[in-house]
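Working notes for the structure below.
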Amino acid sequence: MLSESSKNPGRRVGIALVILCLIGIAAAARRIAVLTIAPPAASSDFGGLNAHFLTRAGATLLHVVPSLLLLLLVPLQFVSSLRRRHPRVHRWAGRLIMVLGILVGTSALWLSADPVGGSIESTATVSFGCLFLIALGKAWWHIRNGRVNLHREWATRMTAIALGVATTRPIMGVFFATSRITGLTPQQFFGPAMWIGLASTTVAGEIWIRSQTAARTVLPGAEPATRPAA
């Protein structure tokens with residue numbers, strides 16, 4: 001028999017969303033701790049990476065702290081019962097996410113000037129950073145004009161791109177675990193890991209959006225496709 005989650009693709013997507021948010025939160029919390037509490041020695045690969053981020057501690061914190069807050073808030077925006085029962089909370093959380101998103105996106109572009117993985121990582125972070133900011137702007141524009149369905153589509157795109165950074169963490173873990181075999185250093189594999197992680201969640205998000213658009217029907221009691229601007 002099929003499990004409940006296998007019969008409900010939305011449930012599977014929700015579980016994946018929460019897992020990736022938790023990965024991103026853990027990574028952001030670790031980076032904040034390293035930068036503000038106890039930086040380790042630079043003798044290991046991790047230590048070398050930490051030393052790199054310490055040279056740009058201010059810019060890194062400007063990126064990581066808003067990222068952590070954004071990942072804490074994003075899952076709540078996809079809870080339909082919260083939207084229905086507490087619309088003001090949903091709207092104010094959305095506004096805060098917009099502000100955090102601007103900080104996350106612009107600081108990502110700033111950090112792209114000197115990434116660990118060189119030009120390959122830089123092209124990934126600049127490309128997807130710009131896409132993230134475009135999606136953020138489109139989500140804001142559509143909700144201001146009362147186009148709820150389009151707002152949700154672009155908010156989902158924005159979220160999918162943001163979660164790509166969390167997806168890179170297990171990918172980098174595989175590269176680290178196999179580095180003695182492959183001989184690859186973080187400077188060599190950070191770029192490909194960024195491209196794989198960011199592209200995978202962006203494509204997955206687009207597939208989900210298109211599947212929901214195709215399946216969308218107007219049902220009695222369904223949430224309206226448009227509403228007055230908040």
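A short reminder: the numbers here are calculations on the coordinates, not readings from a lab. Source: prediction; values computed, not measured. Quick reminder, even Gly has a Cβ in these numbers, built from the backbone with ideal geometry, and neighbours come from all protein chains shown.
Key figures for this structure:
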| item | result |
| --- | --- |
| Size of electric dipole in the chain: Cβ of Lys, Arg +1 and of Asp, Glu -1, about Cα centre, debye, nearest 20 | 1000 debye |
| √(5λ) per eigenvalue of the Cα gyration tensor, the range 100-209, largest first, Å | 30, 15, 8 |
| Mean Cβ neighbour count within 10 Å, used as a protection proxy, ranking 101-112, 84-95 highest first | 101-112, 84-95 |
| Correct choice for P(r) over Cα pairs in 10 Å bins from 0, in percent that was computed from the model, options (i) 7, 30, 39, 21, 3, 0; (ii) 7, 30, 34, 18, 8, 2, 0; (iii) 8, 35, 36, 19, 2 | (ii) |
| Computed label-point distance, nm, for sites residue 88 and residue 141 using a 7 Å Cα→Cβ extension | 3.1 nm |
| The chain: calculated mean residue ellipticity at 222 nm from DSSP helix runs of at least 4, using -39500 (n - 2.57) | -27500 deg cm²/dmol |
| Separation in nanometres of the label points that stand 7 Å from Cα toward Cβ, at residue 95 and residue 113 | 3.3 nm |
| Extension gain (nm, one decimal) between residue 79 and residue 12, 0.36 nm per residue minus Cα-Cα | 22.7 nm |
| For the range 8-215, with +1 on Lys and Arg beta carbons and -1 on Asp and Glu, the positive-most of 52, 135, 23 along the dipole | 135 |
| FRET efficiency, 1/(1 + (r/R0)^6) with R0 25 Å, evaluated for residue 184 and residue 123 via beta carbons | 0.85 |
| FRET efficiency for residue 212 and residue 134, using Cβ-Cβ distance with R0 set to 25 Å, rounded to 0.05 | 0.80 |
